[in-house]
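Undergrad: Pasting a structure here, questions to come.
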Amino acid sequence: MTQPRPRIVDLSEVEPNVRRGGDLRAMLTPATVGSTSGFMGVAIVQPGDRIGEHYHPYSEEFIYVVCGRLEVDLDGEPHPLRPEQGLMIPAHVRHRFRNVGNVEARLVFHLGPLAPRPQLGHVDTEETEAVTTAGAAAAVAESAEAGAQ
């Protein structure tokens, strides 16, 4: 078995995942760096946006807030999250992140251990179509405004 080699991954190298709200970037993963015990990434959440409720049946999730004001709902109960705070979310706990401030929020996340297969590691508990982003709403408004002129 080949030992993974250290590798630096830049945020700009990772495609945004916006399916569940926010801009999720899984940076250090089995696919990108050959990690075997978990993965790490960054979530960028615009004002008024959220990351839809979900849980991880195999993994604990570790969060570190870099900037912005967030609320996290843990099994339906809201908790404030501020910059320079960390949070450990046990496996099976439903959680949703909401940017309640007026500036972009960024958080670093790490999940471990890995699920047996990637498809088993994340369970959505609300419709992803119900998650609307402030950015998407603004783009629709701008498009409608441009069409009216």
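The values are calculated or read from the model by the stated rules, or taken from the named source; none is laboratory data. Note that the coordinates shown come from a computational prediction; the quantities given were computed from them, not determined experimentally. FYI the Cβ positions are ideal-geometry reconstructions off the backbone, even for glycines, and counts take in every protein chain you see. Ligands, DNA and RNA are stripped out before the accessible areas are found, and what is left, the full protein with its side chains, is counted by its heavy atoms. Shrake-Rupley method; radii C 1.70, N 1.55, O 1.52, S 1.80 Å.
Undergrad: Restrict the check to the stretch 122-129 and report whether at least one residue is modelled with pLDDT under 95 and over 14 Å from residue 54 (Cβ atoms).
TA: Checked against the condition, which is being modelled with pLDDT under 95 and over 14 Å from residue 54 (Cβ atoms), the stretch 122-129 yields at least one hit.
Undergrad: Here's another thing I want to ask about it. With (1) surrounded by 14 or more Cβ atoms within 10 Å (Cβ to Cβ); (2) modelled with pLDDT of 95 or more as the list, and residue 133 as the residue in question, which single condition is left unmet?
TA: Only one criterion in (1) surrounded by 14 or more Cβ atoms within 10 Å (Cβ to Cβ); (2) modelled with pLDDT of 95 or more is unmet by residue 133, namely (2).
Undergrad: Moving on. Just give me the residues in the stretch 49-66 being in contact with a helix residue (DSSP H, G or I) (Cβ under 8 Å, 6 or more places away or on another chain) and either in a strand (DSSP E or B) or closer than 17 Å to residue 79 by Cβ (or both), in sequence order.
TA: Quick first cut of the stretch 49-66, residues in contact with a helix residue (DSSP H, G or I) (Cβ under 8 Å, 6 or more places away or on another chain) only: 49, 52, 57-58.
Matches in the stretch 49-66: 52 only.
Undergrad: Going residue by residue through the stretch 6-13, is there one that turns out to be closer than 22 Å to residue 116 by Cα and open to solvent by less than 50 Å² (accessible area, probe 1.4 Å)?
TA: Applying the first criterion (closer than 22 Å to residue 116 by Cα) to the stretch 6-13 yields none.
Checked against the condition, which is being closer than 22 Å to residue 116 by Cα and open to solvent by less than 50 Å² (accessible area, probe 1.4 Å), the stretch 6-13 yields no hits at all.
Undergrad: Okay, moving on. Could you count how many residues in the stretch 67-104 are in a strand (DSSP E or B) and either of a type in the set (Phe, Trp, Tyr) or surrounded by 14 or more Cβ atoms within 10 Å (Cβ to Cβ) (or both)? Before the answer, list the steps.
TA: Here is the first cut: in the stretch 67-104, the residues in a strand (DSSP E or B) are 67, 70-74, 77-81, 86-89, 95-99.
Restricting the remaining residues to those that are either of a type in the set (Phe, Trp, Tyr) or surrounded by 14 or more Cβ atoms within 10 Å (Cβ to Cβ) (or both) gives 67, 70-74, 81, 87, 89, 95-99.
Number of matching residues: 14.
Undergrad: Considering the stretch 33-48 alone, what residues qualify as being in a loop (DSSP other than H, G, I, E, B) and open to solvent by 10 Å² or more (accessible area, probe 1.4 Å)?
TA: Within the stretch 33-48, 34, 35, 36, 37, 46, 47, 48 meet the criteria.
Undergrad: Being over 18 Å from residue 43 (Cβ atoms), buried (at least 16 other Cβ atoms within 10 Å of the Cβ) and in contact (Cβ under 8 Å) with a residue 60 or more places away in the chain narrows it down to one of 107, 114, so name that one. First the steps, then the outcome.
TA: On the way: 107 fails: over 18 Å from residue 43 (Cβ atoms).
On inspection, the qualifying residue turns out to be 114.
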